[in-house]
1. So what is the relative contact order for chain D, in percent, with contacts set as C-alpha pairs under 8 Å and at least six apart?
2. What does the buried accessible surface come to for B and A, summed over both chains, with the probe at 1.4 Å? Round to 100 Å².
3. Residue-wise, which Karplus ³J(HN,Hα) couplings in Hz belong to segment A:37-46, taking 6.51 cos²θ - 1.76 cosθ + 1.60, θ = phi - 60°, and x for glycine or proline?
4. For chain A, what is the number of Lys pairs with C-alpha distance below 27 angstrom, counting only pairs 8 or more positions apart or on separate chains?
5. May I ask for the distance between the Cα centers of segment C:1-76 and segment B:21-85, given as a whole number of Å?
6. From the label point of C:SER51, set 7 Å from Cα along Cα→Cβ, how far away are the matching label points in the other copies, in nm, ordered shortest to longest?
7. Per-residue counts of other Cβ atoms within 10 Å, averaged by peptide: what ranking do you get for B:6-14, A:25-33, highest first?
8. Name the chain A residue nearest the rotation axis between A and D, going by Cβ position, and give the distance in whole Å.
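The values are calculated or read from the model by the stated rules, or taken from the named source; none is laboratory data. All figures in this text were calculated on a predicted structure; none of them were measured in a lab. Please note: Cβ atoms are built from the backbone with ideal geometry, for glycine as well, and neighbour counts cover all protein chains shown. Just so you know, the surface numbers come from the protein's heavy atoms only, side chains and all, with ligands and any DNA or RNA stripped out. Shrake-Rupley method; radii C 1.70, N 1.55, O 1.52, S 1.80 Å.
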Number of protein chains: 4
Amino acid sequence: MADHDAGTESQLKRLRRIEGQIRGLQKMVEEDKYCIDVLTQVSAATRALKSFSLELLEQHMASCVVDAAAKGGAEADRKIREASEAIARLVRS
Amino acid sequence: MADHDAGTESQLKRLRRIEGQIRGLQKMVEEDKYCIDVLTQVSAATRALKSFSLELLEQHMASCVVDAAAKGGAEADRKIREASEAIARLVRS
Amino acid sequence: MADHDAGTESQLKRLRRIEGQIRGLQKMVEEDKYCIDVLTQVSAATRALKSFSLELLEQHMASCVVDAAAKGGAEADRKIREASEAIARLVRS
Amino acid sequence: MADHDAGTESQLKRLRRIEGQIRGLQKMVEEDKYCIDVLTQVSAATRALKSFSLELLEQHMASCVVDAAAKGGAEADRKIREASEAIARLVRS
């Protein structure tokens, strides 16, 4: 197994927990659990995915965007536009 | 393996596809893929989860809520309130 | 001025408050207020609009949808589908 | 009337249009329009508010965040964190 830095390891841990939530949902559906209870768990998984993406986005801005901004010029503009588009997709997802 | 009706089977298929998306995200993080590409995939998984919950909700309203409404009385009120709360959680997730 | 029932009056009150929030936003932009503070107020107005729509939706389900469901048949199906589509627009807005 | 730069004028125009949408909603409620039609208009106003905030956020990142990042240090960190918190409020609103 590869060695990962602390940030990567923390991201993987969060994604594995979300994978567990999705598998839990499959079990609920298989066992014919009450619809509303399934929906509550779907909302929880959706919130977890959003938290994950917000953390990822903050790290991206604190590293890539800040680095590009420090250099300035066209690359800075491009990174800001790219981050803005990712935020728009996130807000609308 | 248990026999499931067509609705359950279709729900399980969707959830397995979402589980695949989450595992794909783990692979991207492990391979240190570019942040913005990871975020694009997170948005896709979030949209898939929302579509799943909207389908589930429609089925719930077409069966449980309609049945309770047909009977009327306190049970109908309770089911409407319960569905409304699930919708609110969904809208805010 | 027209006489409205209590439900309509309460809806109008909420919408007038949201209109006030939008006008407050215009004032902030005119006075060149700090971006982040403007964004905080936009988030508050968005949340208020969502709360308004969730209340409206619950009232709609408790009246129109329940009535149609009590009658059953094609009209019940149509109302459930119509409500589901409105919920989907709301969740994706 | 004050002189505003082009960016401010464009923001004010968008906010005035949203104010018009909210007033249109009041008229619909007063005229007792069909619930689902009101909800469709609420979704449109919500989407307009989100677009407005995404534009505002992009401008903020292209100016304040880039300026702070170019200077670096604690101020850059503070601006990134502040922007990330605004994005989180937006995503969750």
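1. Relative contact order for chain D comes out at 21 percent.
2. Summing both chains' loss of accessible area gives about 3800 Å².
3. 5, 4, 4, 4, 6, 5, 4, 5, 5, 4
4. Close lysine pairs under the 27 Å cut-off: 6.
5. Cα centroid of segment C:1-76 versus Cα centroid of segment B:21-85: 23 Å apart.
6. Copy-to-copy label distances at C:SER51, shortest first: 2.4, 2.6, 3.3 nm.
7. Ranked from most to least packed, the peptides come out as A:25-33, B:6-14.
8. So the closest residue, with its distance, comes out as A:ALA69, 2.
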